[in-house]
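S.K.: Sending over a structure as structure tokens; questions will come in a sec.
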Amino acid sequence: MHFQWYPGHMTKAKRMMQENIKLIDLVIELVDARIPMSSRNPDIDELGKQKARLILLNKSDLAEDRQNELWAEYFKGKGYSVVKVNSKKGGGIKSIQGVIQEACREKIERDRKRGILNRPVRAMVVGIPNVGKSTFINALAGKACAKTGNKPGVTKGKQWIRLNKNVELLDTPGILWPKFEDQSVGLKLAMIGSIKDEILNTEELAGEIIRFMTEHYQGTLSEKYDMEETSDVYACLSRIAESKHCLLRGSELDTAKAAMMVVDDFRNGRLGKITLEFPEDYE
Ligand code: GDP
């Protein structure tokens, strides 16, 4: 799924977020574990200030385990609650309820002092397109839970999903744009397949993936494609085409086909668990 944002979209999305955020106690922000910084919205901290904050490192199954740990530490150090999840397979989902209570402890305590008991925490899921918001909501809410609010003839308002007696979730996630004015962010989003990339063609994108892989995950491409890595990315691509018999009519190498294969293998985790940005670069 590809998205294109325009200034009008951004104004509307931000306005909706500002309205919805008034109704909630906790912002559940999904980021892509492969690019935890580049998959954040530039305004989310401003929008979510004074709310309890939970960051989910989603698609953690596609990112390197050790880097997931380091990123979790990084965000915890900045005061966020953090959970690594795989929304697609349900990994990490069970611990969410407990973490939500923990993240909202101050609010629950405040309520208690005012004599308000058992008021559920209200939460909203936010994130950039494709980060896994719907998949996460489905994994967390399952099928069993009833929707509340918007009962015909009773109240007109937001739809809330009651997860249990302690937590209610706004049923529509907040969609926000990434920091795409930053070129390196755009490139990483294109690498993982989250945005339509109009600047790079497939071969250039494969070139960037090869450049990154040979620098940070040396030996992976050699092993996967049975070829020798070199620092010349296009020579690498030719070698991959050769090794994998990507040929045009005659015997010319079909580097476009090889590029497609590399991009696809990378995005689907067939080159292994790969993290594209590292917390040490953001200290
Ligand atoms: P949304 O636009 O934020 O609502 O994203 P979706 O929920 O539609 O998910 C986008 C894509 O990512 C879908 O193909 C999902 O199957 C996939 N996806 C979501 N969560 C995960 C995850 O934790 N791991 C993996 N491997 N894929 C995921």
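The values are calculated or read from the model by the stated rules, or taken from the named source; none is laboratory data. This is a predicted model, so every value here is computed, not measured. Ideal geometry is used to build each Cβ from the backbone, glycine not excepted, and the neighbour counts take in all protein chains shown. Surface areas here come from the heavy atoms of the whole protein model, side chains and all, with no ligands, DNA or RNA. Shrake-Rupley method; radii C 1.70, N 1.55, O 1.52, S 1.80 Å.
S.K.: Quote the accessible area belonging to H216 in square angstrom, nearest 10, computed with a 1.4 Å probe and with ligands, DNA and RNA left uncounted.
M.R.: Here the accessible area works out near 80 Å².
S.K.: So what's the convex hull volume per residue for the Cα atoms of the chain, in Å³?
M.R.: Expressed per residue, the convex hull around the Cα atoms of the chain is 155 Å³.
S.K.: Let me ask another. Simple spin-label model, 7 Å along Cα-to-Cβ: D43 to E215 in nm?
M.R.: Modelled inter-label distance: 3.2 nm.
S.K.: How large is the charge dipole for the chain, taken about the Cα centre, if only the Cβ atoms of Lys, Arg (+1) and Asp, Glu (-1) carry charge, to the nearest 20 debye?
M.R.: Using only the charged Cβ atoms, the result is roughly 2620 debye.
S.K.: Shifting gears a bit: Under a 5 Å amide H to amide H cut-off, with H placed in plane at 1.01 Å, what residues pair with L169 once short-range neighbours are removed?
M.R.: A123, I161, R162, L163
S.K.: Right, next: Rounded to a whole number, what % of the accessible area of the chain do carbon and sulfur atoms account for, probe 1.4 Å?
M.R.: For the chain, the apolar C and S fraction of the accessible surface comes to 49 percent.
S.K.: Provide the FRET efficiency to the nearest 0.05 for the Y234-D65 pair, computing r from the beta carbons and using R0 = 45 Å.
M.R.: 0.90
S.K.: When ligands, DNA and RNA are left out and all protein chains stay put, how many square angstrom of accessible area per residue does segment 201-282 have with a 1.4 Å probe?
M.R.: With all protein chains present, segment 201-282 gives 55 Å² per residue.
S.K.: Enumerate the calculated ³J(HN,Hα) couplings along segment 57-69 in order (Karplus 6.51 cos²θ - 1.76 cosθ + 1.60, θ = phi - 60°), each rounded to whole Hz, writing x wherever the residue is Gly or Pro.
M.R.: 7, 7, 6, 5, 5, 9, 9, 6, 4, 5, 5, 4, 4
S.K.: GNM, the chain, Cα, under 10 Å: largest mean-square fluctuation among R66, R162, R211?
M.R.: With Cα springs under 10 Å in the chain, the top fluctuation among R66, R162, R211 is at R66.
S.K.: Please identify, among L26, L187, L200, the residue showing maximal mean-square fluctuation in a Gaussian network model of the chain using a 10 angstrom Cα cutoff.
M.R.: Highest fluctuation of the listed residues: L200.
S.K.: Could you work out [θ]222 nm for the chain from helices alone, using -39500 (n - 2.57) per DSSP H run of at least four and dividing by all its residues? Round to the nearest 500 deg cm²/dmol.
M.R.: -12000 deg cm²/dmol
S.K.: Using the Karplus equation 6.51 cos²θ - 1.76 cosθ + 1.60 (θ = phi - 60°), what ³J(HN,Hα) coupling, rounded to whole Hz, does each residue of segment 266-283 give in order, writing x for Gly and Pro?
M.R.: 4, 5, 9, x, 7, 9, x, 7, 10, 10, 9, 9, 10, x, 4, 7, 10, 6
S.K.: Turning to a different aspect of this structure: Gap in Å between the Cα centre of segment 158-219 and the Cα centre of segment 3-30?
M.R.: 17
S.K.: Follow-up. For segment 8-171, report the accessible area per residue in Å² (1.4 Å probe, heavy atoms, rounded to an integer).
M.R.: Using a 1.4 Å probe on heavy atoms only, each residue of segment 8-171 averages 51 Å².
S.K.: Starting at the first residue of segment 181-186, write each ³J(HN,Hα) from the Karplus equation 6.51 cos²θ - 1.76 cosθ + 1.60 with θ = phi - 60°, in whole Hz, x for Gly and Pro.
M.R.: Here the 3J(HN,Hα) series is 5, 8, 4, 5, 5, x Hz.
S.K.: So, one more: With labels modelled as points extended 7 Å from the Cα through the Cβ direction, what inter-label distance (nm, one decimal) is found for K107 paired with T172?
M.R.: 2.0
S.K.: Hey, another quick one. On a straight-distance basis, which aspartates and glutamates could pair with K76 in a cross-link, Cα separation under 15 angstrom, same-chain partners fewer than 8 positions away excluded?
M.R.: Answer for K76, where 15 Å is the Cα cut-off: E29, D45, E102, E280, E283, listed by chain and number.
S.K.: Quick check: residue separation of E242 and Q97 times 0.36 nm, minus the Cα distance between them. What number comes out in nm?
M.R.: 47.1 nm
S.K.: DSSP beta bridges in the chain, what fraction antiparallel, as a percent rounded to 5?
M.R.: 25
S.K.: Counting pairs of alpha carbon atoms under 8 Å apart in space and at least six apart in sequence, what relative contact order in percent does segment 8-171 give?
M.R.: That works out to 24 percent.
S.K.: Please report the relative contact order for the chain, taking Cα pairs under 8 Å with a sequence separation of at least 6, and give it as a percent rounded to a whole number.
M.R.: Contact order relative to length: 21 percent.
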